[in-house]
Structure formats: C-alpha cells, structure tokens
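Engineer: Mind looking over this structure? Questions follow.
The values are calculated or read from the model by the stated rules, or taken from the named source; none is laboratory data. Computed from a predicted structure; not experimentally measured. Don't worry about glycine lacking a Cβ; one is built from the backbone with ideal geometry, like all the others, and counts go over all protein chains shown.
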Amino acid sequence: MEIKKIKTVFIGCGKHATENIYPSLRYCPIELLATCAFHKKNAERNAKWFGASHYYDNYREMLDTEKPDACIIVVNAISHAEMACEALKRGVNVFMEKPPSVDLEGTEKIIEEAGKKQKVAMVGFQKRYAPAYVKAKELIGEKGFGPLTHIQTKHCTGRMIQGEDFILEIGIHHLDLARFFFGEVDSLFINASGGETGEAYAVNLKFKNGAVGSMILSEQQSWFHHNERIEITGSGNSIEIDNACKLIYFNKGQEILGIPVTHLFCGKQGEVVWEPNFTSLTTENSLLYQSGIIGELQHFCDCVLNNKKPQTSIEDAYKTMLLVSQLKKSL
C-alpha cells in the first residue's frame, strides 16, 4: 500500500537545518516541495541536495504558490512567531525549532492562530524524543521505581554566539525535560555568575508533586566535551542518563521491565545499563536518531496524518516558556 506523504515546505537553510533537520526528512512520510532562505543561493543549494523542485527567498510567496500541507521552520527564533502565524493563517500545519518565540507574547500569538485553524503547531524539543530520555520516562513510570523525589541536571556547553540568549536557546532544553519527567513546576530560584568567559546559572526547583530539583546551566565549558547529565531519584531506585546516550538504572535487585533487550546489558550488581551501539551503522544507532531529531519529525508527521495533538505542542511549549520567563525575571 502506498504511504501517504505530507506535502511540505521548509523555511531555513542554515547550519543546523542543513546538517541535521533536512537529512532526517528521508525517514519521514514527507514530500519536500520547496525550500526558502534569506539568501536564495542557499535555498537553491538545499533544494538540489534534498530533492525539492522549487526554492524561494520569500516565504510568503512560497506558502501561497506551493499550498503545502505542512511547513518546517528552522531559523532564528526572532522570526518564529511571524512565520508560524503566517503558515497557520493559510491552514498549514507547522513544525518549528525551539524556542517557539523570543517571548511569551509571540508564543501566545501562535497558540491563538493554531486554535483558530485547528492545525498542528509543534515545537522541536528534540530531547523528549531521544531514546535514552524516552526509556527513562518509561522506567520512572513503573510501579517499582517508587515516587519521584529529586532530579539533578547539568547542561554545560561552550560559549554561545555573542548576543544569543543562553537560557532561551540552550537552558530551555533541561527546563523542558524537568517538566517532561516530573510535571509542572511550583516555584524556582536562580543564582547567576559570569563575565567575559560566559554565563553560569544554578537553578533550584520545587515541583507541584512535592519533588525538588537542581540544575547547573553554563556556557563556560566546551562544545566538544561532555555536555549533559541527568539523575532522577525515586524511593530507593535511581536513573542516570549520561550525555543523552547512556542510561544506568540503579535498583534494589528487582527485575527491570520495559527496556527492550536491544543494547541492554547488566553492569555492576544492582545496575542495568542501556546505550546505543555506534559501531553498528543502523538508523537506530545514528546520532540523528539518538538525538531525538528523527523521532520528533516522525511524531510531527503522525500528528498531521492522524489529527493528533503533539506531545510538544505549542500549548505545552508555552509552559516551558513560562519557566524561561521566570528565570530571566529573577536574574
């Protein structure tokens, strides 16, 4: 049976879009109609590389001419709200990179337009779709893990491009993961330090379910070394996710259910370890899959084809943007 494909246009031909998002489209039921970029030569290049028939330097013209089912937006966040709303006004489903906007007002405009047209508006919080974090979510939901008590996270990178907002562009990932694992945040407190070498933040969280959390967010380390770590604690059991690709379950001896046998092995006594096998060149072991990019795009397609609400819908993204706003006001 022929698979129905979503007629899609793509706004953005920068480094992240070209190296990560475009190559992931081949794993989705997508027919790429056209590309668009501020510099038309870049749109032409990506159209040729990734099989689109047309290319533009005006996204409104592209939307009006191509009449797509969906639009993917991967540009500077300052343009997200405007572009997403223009697509939604035309009855086009939208996938956009995080953050959905640079502020709450822009996010609210997208919510309003998506509601009017009853179209999918999804934000690319890719880490929710990364296998290590998906498996962690499954495990903490099992009866044997016990009530959640504490989450500790580290997300430290190299210096951001001058003028970019580190919390909005990078810290937002772990704020969203905290909500993904523990639910909504009741209160938070932030301490900051920094200077010429970049910013660093220590964040304390109290969740509505009574659990607590702590985060270290920093742009004072390196893009080429270890960047992130998450520890989740229940009543005696705990999980560590190291650099988004290795999961260790520390347990009190009971059998661990819910993890496929693929990539699973026993570590020290009381440990179960999961990690991908990067030497096996399969889609499931690729960085695009392990990072959650393929997963988020497949989820978007499933929502468009089956008229479903995305896990990281614009409404859900608004709750993460509220945390970003609260942190920035506290600085």
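Engineer: How about region 167-188: which of its residues are touching a Ser or Thr at 6+ places or on another chain (Cβ under 8 Å) and in a helix (DSSP H, G or I)?
Structural biologist: Residues of region 167-188 touching a Ser or Thr at 6+ places or on another chain (Cβ under 8 Å): 170, 172, 174-179, 188.
Within region 167-188, Ile170, Ile172, His174, Leu175, Asp176, Leu177, Ala178, Arg179 meet the criteria.
Engineer: Any idea which of (1) modelled with pLDDT of 95 or more; (2) part of a loop (DSSP other than H, G, I, E, B); (3) not small (Gly, Ala, Ser) is the one Ile256 doesn't satisfy?
Structural biologist: (1)
Engineer: So which of Ala70, Ala81 ends up being crowded, with 21+ Cβ neighbours inside 10 Å and in contact with a Gly (Cβ under 7 Å, 6 or more places away or on another chain)?
Structural biologist: On the way: Ala70 fails: in contact with a Gly (Cβ under 7 Å, 6 or more places away or on another chain).
Of the residues listed, the single one that is crowded, with 21+ Cβ neighbours inside 10 Å and in contact with a Gly (Cβ under 7 Å, 6 or more places away or on another chain) is Ala81.
Engineer: Picking from Arg45, Arg60, which residue would you name as being closer than 26 Å to Gly295 by Cα and without any contact (Cβ under 8 Å) to a residue 40 or more places away in the chain? Don't jump to the end; show me each part of the working.
Structural biologist: On the way: Arg60 fails: closer than 26 Å to Gly295 by Cα.
Testing whether each residue is closer than 26 Å to Gly295 by Cα and without any contact (Cβ under 8 Å) to a residue 40 or more places away in the chain leaves just Arg45.
Engineer: Going through region 98-118 one residue at a time, which ones are touching a Leu at 6+ places or on another chain (Cβ under 6 Å) and crowded, with 21+ Cβ neighbours inside 10 Å? Don't jump to the end; show me each part of the working.
Structural biologist: As a first pass, look at region 98-118 and keep what is touching a Leu at 6+ places or on another chain (Cβ under 6 Å): 99, 113-114, 117.
Pro99, Ala114 - these are the residues of region 98-118 that are touching a Leu at 6+ places or on another chain (Cβ under 6 Å) and crowded, with 21+ Cβ neighbours inside 10 Å.
Engineer: Still on this structure, please answer the following. Are any of the residues in region 142-149 within 18 Å of the chain's Cα centre (by Cα), surrounded by fewer than 19 Cβ atoms within 10 Å (Cβ to Cβ) and either not polar (S, T, N, Q) or not assigned by TED's automatic domain parsing to the domain that holds Asn204 (or both)?
Structural biologist: In the first step, residues of region 142-149 are kept if they are within 18 Å of the chain's Cα centre (by Cα); the result is none.
No, that holds for no residue.
Engineer: Could you tell me which residue of region 189-209 is surrounded by the most Cβ atoms within 10 Å (Cβ to Cβ), considering only residues that are among the polar types (S, T, N, Q) and assigned to a strand (DSSP E or B)?
Structural biologist: Asn204
Engineer: Spot the failing condition for Ile161; the list is (1) more than 15 Å from Leu322 (Cα to Cα); (2) buried (at least 22 other Cβ atoms within 10 Å of the Cβ), and only one is missed.
Structural biologist: Ile161 satisfies all of (1) more than 15 Å from Leu322 (Cα to Cα); (2) buried (at least 22 other Cβ atoms within 10 Å of the Cβ) except (2).
Engineer: Further question on the same structure: Any idea how many residues of region 273-303 are aromatic (Phe, Trp, Tyr) and surrounded by fewer than 17 Cβ atoms within 10 Å (Cβ to Cβ)? Spell out the reasoning first.
Structural biologist: Step one: list which residues in region 273-303 are aromatic (Phe, Trp, Tyr), which gives 274, 278, 289, 300.
Add one more test, that the residue is surrounded by fewer than 17 Cβ atoms within 10 Å (Cβ to Cβ), and what stays is 278.
Selection size over region 273-303: 1.
Engineer: Which of the residues that make up region 174-188 are surrounded by 13 or more Cβ atoms within 10 Å (Cβ to Cβ) and among the small types (Gly, Ala, Ser)?
Structural biologist: Of everything in region 174-188, those that are surrounded by 13 or more Cβ atoms within 10 Å (Cβ to Cβ) and among the small types (Gly, Ala, Ser) turn out to be Ala178, Gly183.
Engineer: State whether the residues of region 91-102 include one that is over 11 Å from Ile11 (Cα atoms) and in a helix (DSSP H, G or I).
Structural biologist: No, the conditions are met nowhere in region 91-102.
Engineer: Of (1) buried (at least 19 other Cβ atoms within 10 Å of the Cβ); (2) within 22 Å of Lys7 (Cα to Cα); (3) not hydroxyl-bearing (Ser, Thr, Tyr), Asp64 satisfies all except one. Which?
Structural biologist: Asp64 satisfies all of (1) buried (at least 19 other Cβ atoms within 10 Å of the Cβ); (2) within 22 Å of Lys7 (Cα to Cα); (3) not hydroxyl-bearing (Ser, Thr, Tyr) except (1).
Engineer: Right, here's the next one. Being touching a residue at least 40 places away in the same chain (Cβ under 8 Å) and either over 16 Å from Glu240 (Cα atoms) or among the polar types (S, T, N, Q) (or both) is the filter here; which residues of region 112-141 pass it?
Structural biologist: Taking region 112-141 as the starting set, the residues that turn out to be touching a residue at least 40 places away in the same chain (Cβ under 8 Å) are 114, 120-140.
Answer for region 112-141, where residues must be touching a residue at least 40 places away in the same chain (Cβ under 8 Å) and either over 16 Å from Glu240 (Cα atoms) or among the polar types (S, T, N, Q) (or both): Ala114, Val120, Ala121, Met122, Val123, Gly124, Phe125, Gln126, Tyr129.
Engineer: Tell me the strands (runs of 3 or more DSSP E) entirely within region 1-86 that contain at least 1 residues that are within 30 Å of Asp165 (Cα to Cα), hydrophobic (A, V, I, L, M, F, W, C) and touching a helix residue (DSSP H, G or I) at 6+ places or on another chain (Cβ under 7 Å). Walk me through it before giving the result.
Structural biologist: Values: elements: 6-11, 30-36, 54-56, 70-73.
Answer list for region 1-86: 6-11, 30-36, 70-73.
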